[in-house]
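Please treat every number below as a calculation from the coordinates, not as lab data. If you're wondering where the values come from, they're calculated on a predicted model, not measured in any experiment. FYI the Cβ positions are ideal-geometry reconstructions off the backbone, even for glycines, and counts take in every protein chain you see.
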Amino acid sequence: MDDRPVILLVVGEHADVVEQEFRARYDRDYRIELAAGLTAGLDRARELVAEGAQIAMIAAEHVLADGTAIELLHNVPAVVATARRVALVAWDDFADALDDLRAAALRRDMDTFVLIPRGPRDEEFHTALIELLSEWGWSVGRPLVTVTDVVAEPGDRGAAAVRDLLERLGFPHRALTPDDDEAQEMAEAAGPEAELPLVRTFTGRVVSAATPATVTEAIYGGFDTIPEGVIADVAIVGGGPAGLAAAVYAASEGLATVMLERDAIGGQAGSSSMIRNYLGFPRGISGMRLAQRSRIQAGRFGARFFTGRPAIRIEPGPPDEPEHQHVHVTGAQLCARTVVLATGVKYRRLGVPGVDDLVGAGVYYGAATSMARELQDRDVYVVGGGNSAGQAAVHLAKFAGAVTILVRRASLAETMSDYLVREIDATPTIQVRTRTVVADGGGDGRLQWLRLEDLDTGEHSKTAADGLFCLLGAEPDCSWLPDGLALDERGFVLTGRDVPRDAWVDGQPPASLETTVPGVFAVGDVRAGSMKRVASASGEGASVLPLVHAHLARLRAREFGA
């Protein structure tokens, strides 16, 4: 049996060219199937699903004998929701079809449209296809080559947290049960006292009773241990988009740059299944891919990353180093001339005991893209009205039987980007319930039901629920910062003219992104007044560099003057 994922080509008059182009590049790893026309294409897709085949992509010529690619691809999600959808447009048809194709893309009737190649080595054409196939392979097909194994009983909460970490780190992994042969080998390697879950990293080390923290240490502890005596020009605390942008620009400009990240590089954005409004990625990019690429980019300029190292304290240097800041982590410290706070925010808890007791067993804080595959054909709820909630709902809808978004406000449009609102409206399996909150929930060992409250009428209704993803509100974690660093009433870091006037020096406020502690800056979501978007966070991370340079110049001038 041929178990390769299928690329289904729905062809018209350019059938020979389309088939040749796809077979030349993808025939080794994918099973190329052809169908002539809209009706035949949908029928073949249904047959493939019935056979149990995985359909990775459906690519259709725009002009078909009995319709258009737009009509076909609009109907594909009802047959197979996870397949990537591409319209193939002939050059002669492009001008006349462009307006319709753009409108269809806005309605999310397709993932993208591309021009059929007119000659060999059309790399732009294949780049578009490969990006879509790569995202499909990661989120649906699962990588065939893995670097990490996780052994646990089905439903193990600790294992779910570890798999979510690995997903955000971009580490392909396998989930094994204790009965699998390779799992038993791992148990023997871990020793007689081994406890589930077990994790074997790419180094061969087996971690017993694994947690996200111990797995991170096992993965990175061997080669990113903080050395003594490190003096950085810039110490960045937090590895989300703001921190990564600061790292790229600082390192590229020759500054000695280090980053501390307590969890997975990428922050909350790293769990986003698809960011479609980030500059330079017309077909979108997952948060994990964006984080991976940014880390590699910063690393190539010389930035150093210390992952799984939460900062616990910032103190001024001793009398002989008055211009330095000491950033403390457990068992070590970094000395830095400047510090950039990019710690982001964490999702606010629901505060419903019956629900919060089931975290990791059907209840998840954050997008938890790794859990989506386990909710095939289930009833799933998403709490939140921001972009992260919208992205999570759209991703979950590719797997779940039904997705319901619960939001306090009267409309998603008040807090969510328009492109996501349109995509949600165009997804038939997503329902939006406004002015609704979770009042209670429970189940036997895992989530099975929710009680919802209508905020306008006060009425309660009980509903079956297999999954609940909470992406509501944002709370900064600034309790570890020094007392002299000013925060607003909600705990966000104040910068520039927003700091209290009694903290201004000689009647002048700090620089625009500088805190009340000279040489300590704040960027991204942790900063009071920030926009809370990936692009704006990245922009602030880049914008802080001139201020860092100015502060370093003042330090050099003082040293020279002394």
Ranked from highest to lowest mean number of other Cβ atoms within 10 Å per residue, what is the order of the peptides 62-71, 457-466, 382-391, 31-40?
-> 382-391, 62-71, 31-40, 457-466
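Counting other beta carbons within 10 Å of each residue's own, what order do 545, 8 fall into, fewest first?
Working: 545 21, 8 25.
Lowest to highest Cβ neighbour count: 545, 8.
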Using a 10 Å cut-off on Cβ atoms, rank the peptides 112-123, 293-304, 523-534 from the highest mean neighbour count down.
-> 523-534, 293-304, 112-123
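Determine the calculated [θ] at 222 nm for the chain from helices alone, applying -39500 (n - 2.57) to every DSSP H run no shorter than 4 residues and normalising by the residue count; nearest 500 deg cm²/dmol. List each step's numbers first, then the result.
Details: 14 runs with 171 residues, N = 562.
That comes out to -9500 deg cm²/dmol.
Go through 440-447, 149-156 and give me the packing order, highest mean Cβ count within 10 Å leading.
Values: 440-447: 16.6, 149-156: 18.4.
The densest-packed peptide leads the list: 149-156, 440-447.
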Residue 346: which lysines have alpha carbons under 27 Å from its alpha carbon, excluding same-chain residues fewer than 8 sequence positions away?
-> 398, 532
Once Cα extents along the principal axes in Å is worked out from the coordinates, which option in (i) 87, 61, 38; (ii) 82, 58, 57; (iii) 76, 65, 45 does it equal?
-> (ii)
What whole number of Å gives the distance from the Cα centroid of the stretch 382-450 to the Cα centroid of the stretch 140-195?
-> 30
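For the pair residue 277 and residue 497, what calculated FRET efficiency results from E = 1/(1 + (r/R0)^6), where r is the Cβ-Cβ distance and R0 = 35 Å, to the nearest 0.05? Let's see the in-between values first.
Details: r = 29 Å, r/R0 = 0.83.
Calculated transfer efficiency: 0.75.
Gain in length, residue 23 to residue 100, computed as 0.36 nm per residue apart minus the alpha-carbon separation, to one decimal in nm? Don't jump to the answer; show the numbers that get you there.
Values: separation 77, 0.36 × 77 = 27.72 nm, distance 2.85 nm.
Working it through step by step, the gained length comes to 24.9 nm.
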